[in-house]
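Read through the structure below, which is laid out as structure tokens, and then see the notes.
Every number here is computed from the coordinates shown, using simple stated rules; none is lab data. Because the structure is predicted, anything quoted here is derived from the model rather than measured. All Cβ positions, even for glycine, are placed from backbone atoms using ideal geometry, and neighbour counts span all protein chains on display.
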Amino acid sequence: MPDTVAATERLILRRWREEDREPFAQINADPRVMEFFPELLTREESDRMVDRIEDHFRRHGFGLCAVELRRERSFIGFIGLNIPTFQAAFTPCVEIGWRLSADHWGQGLATEGAREMVRYAFEAAGLESLVSFTVPANLRSRSVMAKIGMTHNPAEDFDHPRLPEGHPLRRHVLYRLRRE
Ligand SMILES: CC(C)(COP(=O)(O)OP(=O)(O)OC[C@H]1O[C@@H](n2cnc3c(N)ncnc32)[C@H](O)[C@@H]1OP(=O)(O)O)[C@@H](O)C(=O)NCCC(=O)NCCS
């Protein structure tokens, strides 16, 4: 398929299609998925995010891939690469990130797709290093970061510049991975 970026045993990582928008909006409206984000997204906000992701692919050649289950051929979220647009001590950089439908958590799918995206980042995209970040309480996501070999240096923890002082989600942990 021409829009495929990468594939694993259970997943296809690919460019976005129109029919991904509805299930993605459902994922972004699920309080389980959005527990560690400031707000649930409306359909319009979710669609704007898809527009930004596809724009990122066109400008940089890589991005947050739509994730499809190979067996069911169904869309279940994203895993991929993104260049943050805010400024912090560790920017400019490329982050690796993921968001999957809660119905599919706990089967190692995020780790499986993220491992493949690490390989893609260092081999196909020629990147030297990746970061990932989240709030300290997001243990599922931190566990994926650790399983793909990322390391956390507490000295690099930071306050997210997009969130106001005193916001409960402002503090973030930073993980890094360098190409060997
Ligand atoms: C983070 C996310 C992508 C993980 O997806 P997943 O496919 O379930 O991930 P995996 O199955 O590969 O790994 C999940 C890990 O979390 C662990 N885990 C599950 N529930 C947990 C809990 N309540 N507390 C701590 N760890 C937990 C699992 O045991 C597993 O780690 P292990 O293999 O070391 O045991 C998914 O939970 C998600 O989409 N979350 C919402 C969006 C989000 O927060 N994205 C990241 C923002 S930075």
Problem - Å³ per residue enclosed by the Cα convex hull of region 137-179 - result: 82
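Let me spell out the model: positive unit charges on the Cβ of Lys and Arg, negative unit charges on the Cβ of Asp and Glu, origin at the Cα centre of region 50-94. What dipole size does that give, in debye rounded to 20?
Once rounded to the nearest 20, the dipole reads 120 debye.
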Exercise for the section: Assign unit charges at the C-beta atoms only (+1 for Lys and Arg, -1 for Asp and Glu), then state the dipole size of the chain relative to its Cα centre in Debye, rounded to the nearest 20. Expected result: 420
Handout entry: Computed over region 1-59, Kirkwood Rh from alpha-carbon pairs, angstrom
Key = 12.8
Handout entry: Loop-located GluC sites (Glu not before Pro) in region 1-96, at most 14 other Cβ atoms within 10 Å (DSSP)
Key = E9, E35, E39, E72
Handout entry: Point-to-point label distance, E35-R71, nm (Cα→Cβ direction, 7 Å offset)
Key = 2.5
Problem - Rg [Å, one decimal], Dmax [Å, integer] - region 85-180, C-alpha atoms - result: 13.7, 41
Problem - In Å, descending, principal axis extents of the Cα set of the chain - result: 43, 39, 33
Fill in the blank from the handout: Quick calc, region 76-172, dipole around Cα centre from Cβ unit charges on Lys, Arg (+) and Asp, Glu (-), nearest 20 debye, gives 220
Handout entry: FRET efficiency, 1/(1 + (r/R0)^6) with R0 41 Å, evaluated for L163 and E9 via beta carbons
Key = 0.65
Practice task
Identify the trypsin sites (Lys or Arg not before Pro) of region 6-57 meeting these criteria: DSSP loop state and at most 13 other C-beta atoms within 10 Å of the C-beta.
Solution key: R17, R32
